[in-house]
Amino acid sequence: MAVLISGRGSNMAALLEAATDPSYPARIALVLSNRAGAAGLARAEAAGIPVAVVESRAHKGDREGFEAAMQAVLESHRIGMIALAGFMRVLTEGFTRRWEGRMLNIHPSLLPAFPGLDTHARALEAGVRLHGCTVHLVSAGVDEGPILAQAAVPVLPGDDEATLAARVLAQEHRLYPAALAWMAVWLARHGAGPLPAMRRIAEEATAALPSATGAMANPLPAFAALPTEKA
């Protein structure tokens, strides 16, 4: 598999760490960035992972040319699966269809809420009490692909973007390696299919897990502590 990054690559680092386990079902064969100065490239090289750069700035206004150059690199490394990890490019329908069912992304919100950018600021502005992250298959629509896994965190009093982002990121680092491992096993056994059919993946995965008996609420009302007088 290849991990695509644009910046520091913190989720990439979590994937690299998971992949050091000999039993992990995916081998990271390439870290590719659209920015030569991405800090994650040095982290990948230090871990002994091959790296490559396809500068998006060199293909300004030519998305197809940029993606063709990426595709050539991916093919040269015999990549069969892609994990987007902070890859800050919107991919064309042609590229996403080429990798249909074999390309994952992690997004810092509980999709379908808050697709796109500035998710933590938007969550705070909306006043939601639960926020989180989502691993999904990539489709032509931005952050619209079939959802594989999600993790939720509470929004606490006094949270700002930084504190909320840090709480979500900790869950991203747990969720992404696990979801990607499950997907790698699925692909090895069944192969990729069209996205409408792949929507059943999460349902089958959930059915194989122990039944969840609880629920999450934030804040959980403490009725005994509520004021006795009416406002």
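For every residue, the table says whether it meets (1) in a strand (DSSP E or B); (2) farther than 21 Å from His107 by Cβ.
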| position | (1), (2) |
| --- | --- |
| Val3 | yes, no |
| Gly7 | no, no |
| Ala26 | no, no |
| Ala36 | no, yes |
| Ile49 | no, yes |
| Ala52 | yes, yes |
| Phe66 | no, yes |
| Ala69 | no, yes |
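Screening Thr96 with (1) assigned to a loop (DSSP other than H, G, I, E, B); (2) open to solvent by less than 10 Å² (accessible area, probe 1.4 Å) gives one miss only, at (1). Considering (1) crowded, with 21+ Cβ neighbours inside 10 Å; (2) modelled with pLDDT under 95, the lone condition that Met103 does not fulfil carries the number (2).
Looking at Val142, Val185, can you tell me which residue is among the hydrophobic types (A, V, I, L, M, F, W, C), open to solvent by 60 Å² or more (accessible area, probe 1.4 Å) and at pLDDT below 95? Going through Val142, Val185 in turn, just one is among the hydrophobic types (A, V, I, L, M, F, W, C), open to solvent by 60 Å² or more (accessible area, probe 1.4 Å) and at pLDDT below 95: Val142. Every listed requirement among (1) under 26 Å from Gly141 (Cβ atoms); (2) modelled with pLDDT of 95 or more is met by Lys60 save one, (2). Remark: Ala83 falls outside the filter, which requires a residue to be open to solvent by 10 Å² or more (accessible area, probe 1.4 Å), closer than 30 Å to Val53 by Cβ and either in a helix (DSSP H, G or I) or touching a residue at least 60 places away in the same chain (Cβ under 8 Å) (or both). Only one of the listed residues (Ala170, Ala181, Ala166, Ala192) is touching a residue at least 24 places away in the same chain (Cβ under 8 Å) and within 17 Å of the chain's Cα centre (by Cα). That residue is Ala181. Output yes when any residue across segment 116-133 is among the β-branched types (Val, Ile, Thr), in a strand (DSSP E or B) and modelled with pLDDT of 95 or more, and no when none is. Checked against the condition, which is being among the β-branched types (Val, Ile, Thr), in a strand (DSSP E or B) and modelled with pLDDT of 95 or more, segment 116-133 yields no hits at all. Checking Val54, Val31 one by one, the residue that is crowded, with 18+ Cβ neighbours inside 10 Å and either modelled with pLDDT under 95 or over 20 Å from the mean Cα position of the chain (by Cα) (or both) is Val54 and no other.
Checked against (1) surrounded by 13 or more Cβ atoms within 10 Å (Cβ to Cβ); (2) of a type in the set (D, E, K, R); (3) part of a helix (DSSP H, G or I), Glu45 passes all but condition (1).
The values are calculated or read from the model by the stated rules, or taken from the named source; none is laboratory data. Just so you know, these numbers come straight off a predicted model, no measurement behind them. Ideal geometry is used to build each Cβ from the backbone, glycine not excepted, and the neighbour counts take in all protein chains shown. Surface areas here come from the heavy atoms of the whole protein model, side chains and all, with no ligands, DNA or RNA. Shrake-Rupley method; radii C 1.70, N 1.55, O 1.52, S 1.80 Å.
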